[in-house]
Amino acid sequence: MPSHPLRVAVVCSSNQNRSMEAHNILSKRGFEVRSFGTGSHVKLPGPAPDKPNVYDFKTTYEQMYNDLVRKDKELYTQNGILHMLDRNKRIKSKPERFQNCKDKFDLIVTCEERVYDQVLEDFNSKEEETSQPVHVINVDIQDNHEEATLGAFLICELCQCLQHTDDMENEIDELLQDLEEKSKRTFLHTVCFY
């Protein structure tokens, strides 16, 4: 078992739904966790599919919440966006972009293949400094409230399994295979280096 709590990053596109739900559950389970988005902007559903609400990553969850209440409180209450933002602001003040983070993690879990590719691209664009390994694992999670919750519990189970291994480097492939069979989902896995 690792001598320190697993340092985990959970990454989705906008650091709103999937990564924040996992952040919430993992932090309650005692993991050292941070969450991020990889997009150039934060996007939230708008009044129509072609009219999203777009924010800068510097915008706080509180500011987004107040903006949406001002625009259409009923719509954003009904579709769960205000509830989600309320949860988010209790966890941290604003979304964070993965590409701007300098911290090192033992495990980075992405929530869709496009985000996984963006994380790998970020590692490949940087000079290797310490040769410290980090496992990057993708768990495809649909971007809706129900799937975010189910996906967060799956990510938590993955982290708990990895936290309790004696030799993560040698046991991770078998562990992922077992979890794939149990969850009926396919994981992508790569080792990168800091």
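For this structure, a couple of remarks:
- The stretch 105-132, residues that are crowded, with 19+ Cβ neighbours inside 10 Å and on the phi > 0 side of the Ramachandran plot: none
- Of the residues making up the stretch 35-47, those that are touching a Ser or Thr at 6+ places or on another chain (Cβ under 9 Å) and open to solvent by 30 Å² or more (accessible area, probe 1.4 Å) are H41, K43.
- Of all residues in the stretch 148-194, those satisfying the criterion of being charged (D, E, K, R), open to solvent by less than 70 Å² (accessible area, probe 1.4 Å) and part of a loop (DSSP other than H, G, I, E, B) are D167, R185.
- The stretch 108-136 - residue that is under 11 Å from the mean Cα position of the chain (by Cα) and aliphatic (A, V, I, L, M) and, of those, farthest from A9 (Cα to Cα): V115
- Exclusive hit being within 13 Å of the chain's Cα centre (by Cα), closer than 17 Å to L26 by Cβ and not hydroxyl-bearing (S, T, Y), set L154, L158, L179: L154
- Near pairs, Cβ below 8 angstrom, 6+ apart or cross-chain, from the stretch 138-167 (closer than 25 Å to P49 by Cα) to any residue that is of a type in the set (S, T, Y): V139/T110; D140/T186; D143/S13
- Pair list, Cβ < 7 Å and 6+ apart or interchain, from the stretch 57-74 residues that are more than 20 Å from G39 (Cβ to Cβ) to residues that are open to solvent by 80 Å² or more (accessible area, probe 1.4 Å): D72/P47
- Filter pass, D50 being open to solvent by 70 Å² or more (accessible area, probe 1.4 Å), among the acidic types (D, E), within 21 Å of D143 (Cα to Cα) and at pLDDT 95 or above: yes
- Residue among M84, M1 that is closer than 27 Å to L154 by Cβ, of a type in the set (A, V, I, L, M) and either modelled with pLDDT under 95 or open to solvent by 30 Å² or more (accessible area, probe 1.4 Å) (or both): M1
- Within the stretch 133-147, the set of residues being assigned to a loop (DSSP other than H, G, I, E, B), open to solvent by 50 Å² or more (accessible area, probe 1.4 Å) and not acidic (D, E) comprises Q142, N144.
- In this structure, A9 does not satisfy being open to solvent by less than 50 Å² (accessible area, probe 1.4 Å) and more than 25 Å from I155 (Cβ to Cβ).
- Hits in the stretch 63-81 - residues which are open to solvent by less than 60 Å² (accessible area, probe 1.4 Å) and either out of contact with any strand residue (DSSP E or B) (no Cβ under 9 Å at 6 or more places or on another chain) or of a type outside the set (S, T, Y) (or both): M64, Y65, D67, L68, V69, L75, N79, G80, I81
The values are calculated or read from the model by the stated rules, or taken from the named source; none is laboratory data. The shown structure was predicted, so the numbers you read here are calculated from the model rather than taken from an experiment. Cβ coordinates were reconstructed from backbone atoms using ideal geometry, including for glycine residues, and neighbour counts include every protein chain displayed. The protein model used for the area step is the full one, side chains on, heavy atoms only, and it has no ligands, DNA or RNA in it. Shrake-Rupley method; radii C 1.70, N 1.55, O 1.52, S 1.80 Å.
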